[in-house]
Amino acid sequence: MELHIVIEGRKDLGGQLYRQLSDSIRSGRLADGQQLPPTRLLAEQLGLSRKTVSDVYTRLTQERLVLGQVGKGSFVSAPAEAKPRRQAANNLASAAIVARWDAMHTPLRNPFPEGRSRYEFIGGCITPSLFPVDEWRRCVMHGLRQEVKGSGMYRQAEGIAELRAAIAHHAAFARGVVCTANNVVVTNGAQQALDLLGRVLLEPGCVVAVEEPGYPAARMLFASQGAHIVGIGVDHEGMLVDQIPQGTRLIYTTPAHQFPLGMPMSVARREALLARALEIGAIIIEDDYDSEFRYEGRPTDSLQSMDRHGVVAFVGSFSKVMLPELRLGYAVLPEAVLNAVLTVKHLNDWHTATASQHALAKFIGDGYLSRHIRRCAATYATRRQRLQALFADALSPWFELVPASAGFHLAALCKKPLDLDLLLRLARRADVGLYPLSNFYASTPPKAGLFLGYGGIETLDIDVALLRVRDILQQME
């Protein structure tokens, strides 16, 4: 890679080189410690004599902007005040639009504003040590070998055939989803699947029905696309279907494990939801974010498997069962929207990285994913039992858990008035990270309670953390 220097004409060659290098170092464009090209190489690149370049390096060294190291080369020695120059955009035509994005509240973007606690009950967090690194490494190497064998061209927007087939088999086996590989679109996490569907189905002013309480990132995403968001209440059977207004274009729901309260949607409510969507011409997004982890009772069918009219888009993610950093998700789409979503995906990012796709296809096909899910489920089941035991005993005077049979978070509702803000602050001082249910309400008064993710806290730490919370609650009375 060549250093960007522009030499014009045949006059003052050394001066041109000196001024550009000096300005680049003083402005911060060339970072402190960055190695400069050898004098011979830079002279060849710029069509200058080596002496001219050497003289400039000597002058910069004398000014302490360059540091020469014997046997290694010349390195930038930027002054402390050096920083990249920024130009302020005056009279920006889109200033109002930018301001709306700047003002958007995105709590999940920075989940630890005050620093991570020793004992964290944040949701969506997993235990990296459970991940089978050696098996994944073999799959990644397989993916890289497939890349080398490839055509060197961009691939299809829907994802490689091997992964779509593997996802179709996994979704059918684990969740009863009715599909073929042709209905599967590989995405960069479930969030991109939501974005693609929103782009296809929504225009400014369109009505989107979301659960209240519900997943903030979905609600804010659809709002950013200009939709009018209507919060639909939930009860012990799930979404209150009769509240979905006429004219709704899109319905977002988490029927297997309601986010954040945790109860599953009843069969009767699922049938009512499908009938309502068909009546008003809406598409339902079924976000199946963590239902692979089930602990008790009979598994429920996916909403998509009950759909006889092509109104359900099933969205899944590997973030909760593998690693969030991998950014791998998928959507199983009805025929009515499939081609349009592929067009948007193509325009959005062309396709998801194929090396990761090859790796995941092998990870699923070789049985690593199913074994990993079983291992995680056993660990999470033990953690869940400890939470249930402590909330049934030490914390029972203050909280009651909402029954949930899947996932790796629980909701605890307050049994009597509590100053939750004070509790959260005191718990943070005791190195315990607690989070309120109020974060998930947008249009109705929130229920007082806690959201307890147990994917990222070690089993032996749960007792220590919650007994500290009990002590704090006793002191607050």
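When we measure straight from the Cα of Lys415, which aspartates and glutamates land under 13 angstrom away, once same-chain ones fewer than 8 places off are left out?
Cross-link targets: Glu400.
What are the extents of the Cα atoms of segment 13-76 along their three principal axes, in Å, largest first?
Per principal axis, max minus min of the Cα coordinates gives 26, 26, 19 Å.
Between 0 and 90 degrees, rounded to the nearest ten: what's the tilt of helix 459-476 against the longest Cα principal axis of the chain?
70
Along the positive direction of the dipole of segment 154-227 (beta-carbon charges: Lys, Arg +1; Asp, Glu -1; about the Cα centre), which of Leu163, Cys179, Ala218 reaches farthest?
Leu163
Lysines within cross-link reach of Lys320: Cα-Cα under 19 Å, excluding same-chain residues under 8 positions apart?
Straight-distance partners of Lys320: Lys362.
Once the other residues with Cβ under 14 Å from the Cβ of Val185 are scored (Lys, Arg +1; Asp, Glu -1), what is the net sum?
Summing Lys/Arg as +1 and Asp/Glu as -1 gives 0.
Compute the acute angle (0 to 90°) between the alpha-carbon long axis of helix 161-175 and the principal axis of greatest extent of the alpha-carbon atoms of the chain; round to the nearest 10°.
Value to nearest ten degrees: 30.
If you project the alpha carbons of segment 130-366 onto the principal axes, what extent comes out on each, in Å, largest first?
Ordered largest first, segment 130-366 gives principal extents of 54, 42, 30 Å.
Using only Cα atoms and rounding to the nearest 10 degrees, what angle (0 to 90) does helix 368-392 make with the longest principal axis of the chain?
The helix 368-392 is inclined about 60 degrees to the chain.
Near Lys345, which aspartates and glutamates are there with a Cα under 13 Å away, not counting those fewer than 8 places off in the same chain?
Partners within reach: Glu158, Asp195.
So if I take the centroid of the Cα atoms in segment 303-372 and the same for segment 155-213, what is the distance between those two points in Å?
5
If each residue of separation counts as 0.36 nm, what is the full-extension length gain between Leu347 and Ala103 once their alpha-carbon separation is subtracted?
Contour length minus the Cα-Cα distance gives 85.1 nm.
If you place +1 on the Cβ of every Lys and Arg and -1 on the Cβ of every Asp and Glu, how big does the dipole about the Cα centre of the chain come out, in debye to the nearest 20?
So the dipole magnitude of the chain works out to roughly 1540 debye.
Among DSSP beta bridges whose residues both lie in the chain, state the antiparallel percentage, nearest 5.
55
Just going by the charge dipole of the chain, with Lys and Arg at +1 and Asp and Glu at -1 on Cβ, which of Thr379, Leu67, Ser27 is farthest out on the positive end?
Leu67
Where does segment 226-358 land on Rg/Rh, using Cα atoms and the Kirkwood Rh?
0.98
If packing is taken as the mean number of other Cβ atoms within 10 Å per residue, what is the order of 145-153, 31-39, highest first?
The densest-packed peptide leads the list: 31-39, 145-153.
Can you find, among Leu196, Gln246, Asn348, the residue farthest towards the positive end of the dipole of segment 130-366? Put +1 on the C-beta of Lys and Arg, -1 on that of Asp and Glu.
Farthest towards the positive end: Asn348.
Restricting to DSSP loop positions (anything but H, G, I, E, B) with no more than 13 other Cβ atoms inside 10 Å of their own Cβ, which chymotrypsin sites (Phe, Trp or Tyr not before Pro) remain in segment 61-164?
For chymotrypsin sites (Phe, Trp or Tyr not before Pro) across segment 61-164 that sit outside H, G, I, E and B with at most 13 neighbouring Cβ atoms in 10 Å, the list reads Tyr154.
Read the figures in this text as sums done on the coordinates, not as results from a lab. Keep in mind the model is a prediction, meaning the values are calculated, not measured. Virtual Cβ from ideal backbone geometry, glycine too; neighbours counted across all protein chains shown.
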